[in-house]
Amino acid sequence: MTKYAIIGAGIAGISAAEAIRENDHDGEILLINGEKAPPYCRPLIVEVLRGERPFDAIHLRDPDWYEARNITLINGDPVSEFNPVDKTLVLNSGQEIKCGKILIATGSKPFTPPIKGLDVVPYHTLYCADDIERLKSECKSGSKALLVGVGLIGLQALASLVELGVEVSAVELMPKIMPLLLDLKAAKYAEAELEKHGVRVQTGTGVSELKTNGAGYLALTDKDEEIEFDFLVMATGMRPDLELVEGTAIEIDRGIVVSAEMETSIEGIYAAGDITVYNNSIEGRPEIHAHWVNAYRQGRIAGHNMAGGNSGAYEPVFLNSLKVFDLPIVTIGASRLDETDNAQVFVTEAPDRPSYKRFVIRDGVMIAATFVNDVEGAGVYHDLIRDKVDIGEVIESLFKLGLEGIEFLYKHHDDEIRGNVDWPLSMSQIEWFEKDHSRTRWGKKGDAR
């Protein structure tokens, strides 16, 4: 009987435990949670901060779920020592555990850049359950906050603070907000929405120094501007939590390097979630796929393979759905790229609405799609990017007449999957096309390739 240990009880760890039990009904499963709070949905802690949900409502699973699957959940006793070669663990309590298979799913932790005065001025992060109570105590109506970093986590923090009556100033070192998600124009729409809600955002600006200022604090930016604030929130990104594996034989390249089956460089040791680095097939480089859905999928794949199942290979596509106050945004694929060498870019926008859509095609395959405000049908584009559908012969057809072709493709997505599709009458001058399902390619009707 195999003994499995899962280090980390976020969504990657939970989904791995679930997949292991689906394949191995008898093996012992230990799910080791370093936090005292039972496993919870980390992206929803902002709703707890705003008072929209009690903390109990964001638990990933009820206690009965673990019991029903014979999964031993250990809360508040993190792993302090790890020997991947011998497959042994030591917990903070001193308990030693030897396993047959181990999954590392310790996720990421906040990264704080060196800033002069940061050792003097207290700051908050928005990452775990303990952060919520500390930050909530600062959120008094009319108080002033400085937010450093406007990525996805920074945006969530910012919106929550504003809704709690806090006046927020924000600085982002990159030339655009949400630099890992948005192209420059999409970022401008998001920034305008922030300003509409009273948030002053400075991009292309860092904080050079922090200091006390009477009862409050003062920040000096790279552009020699002073910003007064009552409390500081650092949202300058996340880094894989590699503390357990640094110095071991496990291969690391910013994160833990894994195969398509989520196995590390040591047989029997797997990794999943924000701690891993895996090839970005669109941009052609290894990358950390820090995303809730990807963590869930990686955990499932790891669990199946740990227990001898067949999960298929991990092939990620970046998909983010978010709201900037009242402005919905969906990004898919390499949406952050502003410079798109050897690619065609199709844009439609209506600034007064506002509405913005951007599609990037390279070598006949869609590699990015961005939707601002008009987000209907985004899932279809996710499928086109994920399946690497070759639409090279119909690109001009798809994007003629205000994107009528691509909208038609969305409306008839079921037909696209099942077989032939005829274009709208307004595009009758264009030859019909059909899908060759064996090659995920569009070709001329009667000559599909």
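The values are calculated or read from the model by the stated rules, or taken from the named source; none is laboratory data. The model shown is predicted, which means the values in this text are computed figures rather than measured ones. FYI the Cβ positions are ideal-geometry reconstructions off the backbone, even for glycines, and counts take in every protein chain you see. Side chains are part of the model used for accessible areas, which takes the heavy atoms of the whole protein and leaves out ligands, DNA and RNA. Shrake-Rupley method; radii C 1.70, N 1.55, O 1.52, S 1.80 Å.
Can you report the number of residues in the range 345-370 which are of a type outside the set (Asp, Glu), part of a strand (DSSP E or B) and either at pLDDT below 85 or open to solvent by less than 40 Å² (accessible area, probe 1.4 Å) (or both)? Step through it out loud before you land on a result.
Kept after step one, since they are of a type outside the set (Asp, Glu), are these residues of the range 345-370: 345-348, 350-351, 353-362, 364-370.
Retained after the next criterion (residues that are part of a strand (DSSP E or B)): 345-348, 350, 355-362, 365-370.
Keeping just the survivors that are either at pLDDT below 85 or open to solvent by less than 40 Å² (accessible area, probe 1.4 Å) (or both) gives 346, 348, 350, 355-361, 365-370.
Residues meeting the conditions: 16.
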Query raised in the report: Within the range 69-101, how many residues turn out to be polar (S, T, N, Q) and within 18 Å of residue 248 (Cα to Cα)?
Result: 3
**Report entry** Residue in the range 172-179 that is open to solvent by 20 Å² or more (accessible area, probe 1.4 Å), touching a helix residue (DSSP H, G or I) at 6+ places or on another chain (Cβ under 8 Å) and closer than 29 Å to residue 106 by Cβ present
**Finding:** yes
Query raised in the report: Taking residue 137, is it in contact with a strand residue (DSSP E or B) (Cβ under 9 Å, 6 or more places away or on another chain), hydroxyl-bearing (Ser, Thr, Tyr) and farther than 22 Å from residue 324 by Cβ?
Result: no
Query raised in the report: Of the conditions (1) closer than 27 Å to residue 218 by Cα; (2) among the β-branched types (Val, Ile, Thr); (3) part of a strand (DSSP E or B), residue 132 fails just one. Which one is it?
Result: (3)
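Return the total of residues in the range 180-201 being touching a helix residue (DSSP H, G or I) at 6+ places or on another chain (Cβ under 9 Å) and either part of a loop (DSSP other than H, G, I, E, B) or of a type in the set (Lys, Arg) (or both).
Restricting attention to the range 180-201, the residues satisfying the condition of being touching a helix residue (DSSP H, G or I) at 6+ places or on another chain (Cβ under 9 Å) are 180-182, 190, 194, 197-201.
Filter once more, keeping what is either part of a loop (DSSP other than H, G, I, E, B) or of a type in the set (Lys, Arg) (or both): 180-182, 197-200.
Looking only at that region, the number is 7.
Having 1 or more residues that are closer than 27 Å to residue 154 by Cβ is the bar; report the strands (runs of 3 or more DSSP E) wholly within the range 1-91 that clear it.
Working: elements: 3-7, 28-33, 71-75, 79-83, 88-91.
Here the list reads 28-33.
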Query raised in the report: Has the range 245-253 got any residue that is of a type outside the set (Val, Ile, Thr) and buried (at least 19 other Cβ atoms within 10 Å of the Cβ)?
Result: no
Report task. Could you list, in sequence order, all residues of the range 94-118 that are open to solvent by 40 Å² or more (accessible area, probe 1.4 Å) and either without any contact (Cβ under 8 Å) to a residue 60 or more places away in the chain or more than 30 Å from residue 263 (Cα to Cα) (or both)? Result -> 94, 95, 96, 114, 116
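Considering only residues of the range 257-289 that are among the small types (Gly, Ala, Ser) and surrounded by fewer than 21 Cβ atoms within 10 Å (Cβ to Cβ), which is farthest from residue 385 (Cα to Cα)?
Taking the range 257-289 as the starting set, the residues that turn out to be among the small types (Gly, Ala, Ser) are 259-260, 265, 268, 271-273, 281, 284.
Add one more test, that the residue is surrounded by fewer than 21 Cβ atoms within 10 Å (Cβ to Cβ), and what stays is 259-260, 265, 268, 281, 284.
Details: 259: 21, 260: 19, 265: 29, 268: 32, 281: 11, 284: 15 Å.
In this case the residue turns out to be 268.
Hey, among 150, 121, 162, which residue is part of a helix (DSSP H, G or I), open to solvent by less than 50 Å² (accessible area, probe 1.4 Å) and at pLDDT 90 or above? Walk me through it before giving the result.
Details: 150 fails: part of a helix (DSSP H, G or I); 121 fails: part of a helix (DSSP H, G or I).
Going through 150, 121, 162 in turn, the sole match is 162.
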Report task. Enumerate the pairs (first residue in the range 53-66 and within 17 Å of residue 29 (Cα to Cα); second residue anywhere and surrounded by 11 or more Cβ atoms within 10 Å (Cβ to Cβ) and among the aliphatic types (A, V, I, L, M)) with beta-carbon separation below 6 Å, excluding pairs fewer than 6 apart on the same chain, so at least 6 apart or on different chains. Result -> 66/73
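Within the range 302-317, track down each residue that is in a loop (DSSP other than H, G, I, E, B), open to solvent by 30 Å² or more (accessible area, probe 1.4 Å) and touching a residue at least 60 places away in the same chain (Cβ under 8 Å).
Step one: filter the range 302-317 for residues in a loop (DSSP other than H, G, I, E, B), giving 307-317.
Pick out the ones that are also open to solvent by 30 Å² or more (accessible area, probe 1.4 Å) and you get 308, 310-313, 315.
Matches in the range 302-317: 308, 311, 315.
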Report summary line: When residue 187 is run through (1) buried (at least 23 other Cβ atoms within 10 Å of the Cβ); (2) within 28 Å of residue 53 (Cα to Cα); (3) not β-branched (Val, Ile, Thr), the failure sits at (2)
Requested in this report: Please determine, by comparing only the residues of the range 63-93 that are farther than 16 Å from residue 242 by Cα and either in contact with a Pro (Cβ under 8 Å, 6 or more places away or on another chain) or small (Gly, Ala, Ser) (or both), which one is least open to solvent (accessible area, probe 1.4 Å).
Outcome: 91
